[in-house]
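Q: One structure is given below, represented as structure tokens, and several questions about it will come after.
The values are calculated or read from the model by the stated rules, or taken from the named source; none is laboratory data. Computed from a predicted structure; not experimentally measured. Because the Cβ atoms are built from the backbone with ideal geometry, glycine has one as well, and the counts that use them run over all protein chains shown.
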Amino acid sequence: MNADGTGRRDITPALTDERDYSVPNWSPDGRWIATLVSRRNGIGLTIGEIYLLAPDGSAFTMLTGLGTAKLPQWSPDGGKVAFASAGFIYVVELSEKKARKMVEGRNPTWSPDGGKIVFERDGFLYLLDLHSGTVTRLIEGSFPRWYP
């Protein structure tokens, strides 16, 4: 799309079933978009997966395979994506494309240096140190965000 709003085009693939694309999140280097793709299954439950796609719409690839993924968050170096699924925080290294369960919680947000993730669990904010695996309860709260 041009700066004036002209030239818009759909970059998501045309799929045969009804899917919703939401919470697109650009990688720090601008080479990728992580987006939540959700659809209803045969019994009315929402299935959510995180996909990667290039800004031109090519290279559309499923990054998760858990069925309940939410809110993709890029690491500052662009090499990983954190997300929540079924009450747990996962991290996917893009080089491996395999989700690793980290800790119980939701709404993950990376620290500026990429060494920690702050997240929400049971009405409190927690800090996960990715190097040591230590989890520290911080304060009551929800929807954590880092501010420099």
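Q: Filter the stretch 40-68 down to the residues that are part of a loop (DSSP other than H, G, I, E, B) and of a type in the set (A, V, I, L, M), then identify the one that is modelled with the lowest pLDDT.
A: The selected residue is L45.
Q: Tell me, which residue of the stretch 121-145 that is within 15 Å of the chain's Cα centre (by Cα) and not hydrophobic (A, V, I, L, M, F, W, C) is nearest to P76 (Cα to Cα)?
A: So the residue we want is R145.
So that you can scan it fast, the table gives a plain yes or no per residue for (1) touching a residue at least 24 places away in the same chain (Cβ under 8 Å); (2) of a type in the set (F, W, Y); (3) surrounded by fewer than 19 Cβ atoms within 10 Å (Cβ to Cβ):
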{"site": "W32", "(1), (2), (3)": "yes, yes, no"}
{"site": "E49", "(1), (2), (3)": "no, no, no"}
{"site": "S111", "(1), (2), (3)": "yes, no, yes"}
{"site": "V118", "(1), (2), (3)": "yes, no, no"}
{"site": "T134", "(1), (2), (3)": "no, no, yes"}
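Q: Taking the conditions exactly as written (at pLDDT 75 or above, crowded, with 17+ Cβ neighbours inside 10 Å and at positive phi), does L71 satisfy them or not? Before you say what the answer is, go through the steps one by one.
A: Values: at pLDDT 75 or above: yes; crowded, with 17+ Cβ neighbours inside 10 Å: yes; at positive phi: yes.
So L71 fits the description; yes.
Q: What are the pairs, 6+ residues apart or on separate chains, where a residue within the stretch 60-74 that is in contact (Cβ under 8 Å) with a residue 40 or more places away in the chain and of a type outside the set (G, A, S) has its Cβ under 7 Å from a residue that is surrounded by fewer than 17 Cβ atoms within 10 Å (Cβ to Cβ) and assigned to a strand (DSSP E or B)?
A: Note: pairs meeting the criteria are L71/V23; P72/V23; P72/N25; Q73/N25; W74/N25.
Q: Considering Y147, Y126, which residue is surrounded by 12 or more Cβ atoms within 10 Å (Cβ to Cβ) and either modelled with pLDDT of 95 or more or part of a loop (DSSP other than H, G, I, E, B) (or both)?
A: Y126
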